[in-house]
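Engineer: Take a look at the following structure, please.
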Amino acid sequence: MHELSLCQAIVSVVRSAAQGRHVEVVRVRVGALRQVVPESLEFCWSLLRDHEDLADAELELELVSGEVVCRNCRQRSQIDSRWSVCCPACESADVEITRGSEFLVTSLDVT
């Protein structure tokens, strides 16, 4: 379950950015192609935050769909599967991923 290590990385970013202030909300942008299970990430966060003195910190996820531009047919397409990044129009694997690989702490609410 790599979601636990991802939550540890989030805690590291949060601690650095919060600089000792109380954290109420942590917002994270997660791309569909990162192979992260949102429910597992939320579960791991609920376990880890209690041990990291962040018991009140809620995790808000912004889920970003995958998108590719095909170098073969030039089609820009949204992709639904995290297991295949082939062009839905022509099935070429020669694509550029333009969205969906994000994993980023975007903001914090602190007091």
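The values are calculated or read from the model by the stated rules, or taken from the named source; none is laboratory data. Because the structure is a prediction, the values reported are computed rather than measured. Don't worry about glycine lacking a Cβ; one is built from the backbone with ideal geometry, like all the others, and counts go over all protein chains shown.
Engineer: Suppose we filter region 57-85 for residues that are farther than 30 Å from Cys7 by Cβ and free of Cβ contacts under 8 Å to residues at least 12 places away in the same chain; how many remain? Steps first, please.
Structural biologist: Keep residues of region 57-85 that are farther than 30 Å from Cys7 by Cβ, which gives 69-77.
Cutting the leftovers down to free of Cβ contacts under 8 Å to residues at least 12 places away in the same chain gives us 74.
Within region 57-85, residues that are farther than 30 Å from Cys7 by Cβ and free of Cβ contacts under 8 Å to residues at least 12 places away in the same chain number 1.
Engineer: Among the residues of region 78-98, what is the count of those that are modelled with pLDDT of 95 or more and buried (at least 16 other Cβ atoms within 10 Å of the Cβ)?
Structural biologist: Qualifying residue count for the region: 1.
Engineer: Could you look through region 59-71, keep only residues that are surrounded by 14 or more Cβ atoms within 10 Å (Cβ to Cβ) and over 25 Å from Val37 (Cβ atoms), and pick out the one that is nearest to the chain's Cα centre (by Cα)?
Structural biologist: Step by step, filter region 59-71, then rank; the result is Val69.
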